[in-house]
Amino acid sequence: MSVIAIPQDKPARARKGSNAKQSRLPRVFLAGTEKAIAHRADVAEARVNVIRAAHPNWSDDQIAKRIVKRYLTSVTLVGAGAGGTAAIPGVGFLIGTATLTADVLWFGWASARMIMDLAALRNVDISDPDIRRLHVLGLLAGDEVAVAAASRVGLGVERVGTMTIRAMNHRLTRLVLTRLGTRVVAGRMASIVPFGVGAIAGGGVNFVLARDLSRRASETFERLSPVVGNSRVVSLRPSLPA
C-alpha cells in the first residue's frame, strides 16, 4: 500500500512569509538611527547654532525645548500620515503597510538626530563616531550606564579601548532591537487599521514613544552639562587607541 506524504511545512512557510516584514522592521528602525549617526558632530552643532542665531536671548533650556518640540511634531505627523492612509477605500491597508517601513525608518533617524542635537547643545563631545553611537544607542535602550561611560570617555576621565566601546555598542544594538524597536513596530502595526483610526493610533504611538525618549535624553544631557562645563574636553582619538 502506498503512502501519500502530506507536506506539513507549507503553513509554517506561509506564516513565516506573512511575518517577514514585521520581523525586519526593528532593523529598519535601527537603520534610520545609523543614517543620522553617520553625520558628523558639526552637523548637529550647526542645527543648534541656527536656533541660537534666530533666538539670541534664549537659554539652553529654551533651545532644548525647541529641539524636542520639533522632534515630537515631526514624528507625530509622520505617524499620523502613515496611519491615515489605511482609511483609503479598497487599498488603504496595503498602502498603509507599504508606508510603514518609511515611517519606522524616519522615526529612527529623527530620534538619533534629536539626541545628537541635545548633546551638541550641552557641549557633550560626540565627535568620535563610536562614542556618538554609544550615546544614541544607550539612550534608545535606556542604558544609563552606557551613556555615563560615553560621557566619561569623552571628558578624558577614562581611557577605554576602541574594541571595548564597539563591544558595548554591539550589545546595545541588540537591546535596541528587542526593546524599543519591537515597541515601535507593535505600535505602528496597530496604526494601519482601516476607517481612519490608524491616523489617530499612528500619531499617538509615535508621540508617546518620542516623548519618553526625548524626556530621558533631555534630563541626561542636562545633568551632564555642568560636568562638561567644568572639565577640559579632550580629543577622543588619543583616549581610544586602535
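Per-residue extension of 0.36 nm, minus the Cα-Cα distance of V50 and L177, leaves a gain of 42.4 nm for this segment. In this simple spin-label approximation, K69 and M163 carry label points 7 Å from Cα along the Cα→Cβ vector, and these lie 4.9 nm apart. Placing a pseudo-label 7 Å from each Cα along the Cα-to-Cβ vector at E144 and H39 gives an inter-label distance of 2.9 nm.
Here, each number is a calculation from the coordinates, and none is a lab measurement. Quick caveat, the model's predicted, so the values are computed rather than measured. Quick reminder, even Gly has a Cβ in these numbers, built from the backbone with ideal geometry, and neighbours come from all protein chains shown.
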